[in-house]
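The values are calculated or read from the model by the stated rules, or taken from the named source; none is laboratory data. The structure presented is a predicted model; accordingly, all values stated were derived computationally and were not measured. Here Cβ is always computed from backbone atoms with ideal geometry, including for glycine, and neighbour counts include all displayed protein chains.
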Amino acid sequence: MPRAVIRDRRIMTNRAGKPAFHLEDKMSHSAAARPATARKSPALAGTARVPGDKSISHRSFMFGGLASGETRITGLLEGEDVMRTGAAMKAMGAHVEKNGAEWVIRGTGNGALLQPEGPLDFGNAGTGSRLTMGLVGTYDMETTFIGDASLSGRPMGRVLDPLRQMGVQVLKAAPGDRMPITLRGPKHAAPITYRVPMASAQVKSAVLLAGLNTPGITTVIEPVMTRDHTEKMLKGFGANLTVETDERGVRHIFIEGQGKLTGQTIAVPGDPSSAGFPLVAALIVPGSDITIENVLMNPTRTGLLLTLQEMGGRIDILNPRNAGGEDVADLRVRYSELKGVVVPPERAPSMIDEYPVLAVAAVFAEGETLMQGLEELRVKESDRLAAVANGLKLNGVDCTEGEASLAVRGKPGGKGLGAHPNGPDTAVKTHLDHRIAMSFLVMGLATEKPVTIDDANMIATSFPEFMGLMKGLGAEIE
């Protein structure tokens, strides 16, 4: 499906009556593929600050748009995915504008979202679409969700199944519970107790958000802890939410529906998933020494950091601090001689988006790195497991793809790796996946021969500043 643009093009004005920021200005139209090539680079140096955390940015727009009063956000990730969430909240009655470096949202109040006039187009945003399905599903209204070709291929049943238990009707869906999807909410939603069958923060969050507009107590049982931004932020906005962990480590999350949410001031910390790209680049490019400022250090998000340190990565955690209820720190990263490790499956929830760039680090490590528990990668923006394995093999890397695992046998120094950019069929197929695109550009900074990707356009969905930031550190990317 071609990527459409939200139809509402009204100019928002600030309080001075001057034209303010278009949400739509940050959302790309369909564009011709734009290949990019990375070449062996000199030592990377300098200080960088990555964009705001994607998970927190999505939720800031959603909870701000739902809360009573005013929410002010600084540090928001202004990537296309997050802008789609902001546009969806605006389509359902929230007032959203940007004044200078700050986003100001006046929400509708919990339970007071309006039926949108047209479909909500989420482009490539899996998080935004799945969480919004939970948020609006229990409203007595009809809502249609559409997305681009990549998002339309991704299964939504894992979110729709618990919503159906709450009384939500799926009026229309493409085969396999895929977009376009039209939901019809019940007159009165029913609270449920739902045990999440897989480690998924999106499913957990969708059920909790559905519980916001449902009378009584909605309970989510989470056997394996995933990122907990939804729980932390909902409590910060005033939701009556409690978490209990039993003796086996199973989390029970209780949310009382139909309570009041109140606008907040939010400073979004740097996204650890985005930080992974300059971080790995500095570890694999000889002589590099960089500092990445203001990175989110929530324990549910630090799996990549832990794994790279186990591999021998010289990563110093500087100035650890608390900002808005979240742990943040600065990271000093230096070139390191890495060694292969076994990454256990239970670590996957804390680094599920970082496996592509971890695989790149493994390319330059001594010995084999074995990553396990990767079944979730099959249903990301692309089949990320296959996309990573195919891209590695294309560039001469010795690797083995399993059903839920990836083994990479490294070649320190990258000798013989890479592919000539003018050769036939040597561009890595990114499958409209921003993390595949960025990971292989990082790889090309340390391989003997260049690495080319077939399209860099989709990098804007999560990290619009990627090219400029990397070049600013000295990376050879064009």
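Restricted to region 221-265, and to residues there that are of a type in the set (A, V, I, L, M, F, W, C), within 18 Å of residue 191 (Cα to Cα) and in contact (Cβ under 8 Å) with a residue 40 or more places away in the chain, the residue that is surrounded by the most Cβ atoms within 10 Å (Cβ to Cβ) is 255. Go over the candidates 218, 214 one by one and state the one that is under 25 Å from residue 376 (Cβ atoms) and either buried (at least 22 other Cβ atoms within 10 Å of the Cβ) or of a type in the set (Lys, Arg) (or both). Result of the check over 218, 214: 218.
Of the strands (runs of 3 or more DSSP E) entirely within region 250-324, those holding at least 3 residues that are touching a Gly at 6+ places or on another chain (Cβ under 7 Å) and under 21 Å from residue 52 (Cα atoms) occupy 289-296. Residues in region 365-381 that are in a loop (DSSP other than H, G, I, E, B) and surrounded by fewer than 24 Cβ atoms within 10 Å (Cβ to Cβ): 367, 373, 374, 380. Of all residues in region 166-211, those satisfying the criterion of being in a loop (DSSP other than H, G, I, E, B) and among the small types (Gly, Ala, Ser) are 167, 176, 185, 189, 190, 199, 200.
Of the strands (runs of 3 or more DSSP E) contained entirely in region 24-134, those carrying at least 2 residues that are farther than 20 Å from residue 269 by Cβ and not small (Gly, Ala, Ser) fall at 36-39, 95-99. When the residues of region 398-412 are filtered to those that are surrounded by fewer than 24 Cβ atoms within 10 Å (Cβ to Cβ) and of a type in the set (A, V, I, L, M), the one that is farthest from the chain's Cα centre (by Cα) is 407.
In this structure, does residue 405 turn out to be touching a helix residue (DSSP H, G or I) at 6+ places or on another chain (Cβ under 8 Å) and of a type in the set (Ser, Thr, Tyr)? No; evaluated as a whole, the condition is false for this residue. Of the set (1) of a type outside the set (A, V, I, L, M); (2) in a loop (DSSP other than H, G, I, E, B); (3) modelled with pLDDT of 95 or more, all apply to residue 227 but (3). The residue list 185, 153 contains one member that is farther than 28 Å from residue 346 by Cβ, modelled with pLDDT of 95 or more, crowded, with 16+ Cβ neighbours inside 10 Å and in contact with a strand residue (DSSP E or B) (Cβ under 9 Å, 6 or more places away or on another chain), which is 185. What about residue 268, is it over 25 Å from residue 75 (Cα atoms) and either buried (at least 17 other Cβ atoms within 10 Å of the Cβ) or assigned by TED's automatic domain parsing to the domain that holds residue 159 (or both)? In short, no.
Listed here are the residues, each with its yes/no results for (1) within 16 Å of the chain's Cα centre (by Cα); (2) within 21 Å of residue 380 (Cβ to Cβ).
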| position | (1), (2) |
| --- | --- |
| 86 | yes, no |
| 104 | no, no |
| 131 | yes, yes |
| 151 | yes, yes |
| 160 | no, yes |
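The set of residues in region 292-328 that are in contact with a Lys or Arg (Cβ under 7 Å, 6 or more places away or on another chain), of a type in the set (Gly, Ala, Ser) and within 22 Å of residue 228 (Cβ to Cβ) comprises 303, 325. Residue pairs whose Cβ atoms lie under 8 Å apart, sitting 6 or more positions apart in sequence or on different chains, and linking a residue in region 139-162 that is under 20 Å from residue 188 (Cα atoms) to a partner that is among the charged types (D, E, K, R) and crowded, with 23+ Cβ neighbours inside 10 Å, are 159/130.
Of all positions in region 437-454, at least one carries a residue that is under 19 Å from residue 283 (Cα atoms) and hydroxyl-bearing (Ser, Thr, Tyr).
Within region 443-475, if we keep just the residues that are touching a Pro at 6+ places or on another chain (Cβ under 8 Å) and not in a loop (DSSP other than H, G, I, E, B), the residue that is surrounded by the fewest Cβ atoms within 10 Å (Cβ to Cβ) turns out to be 469.
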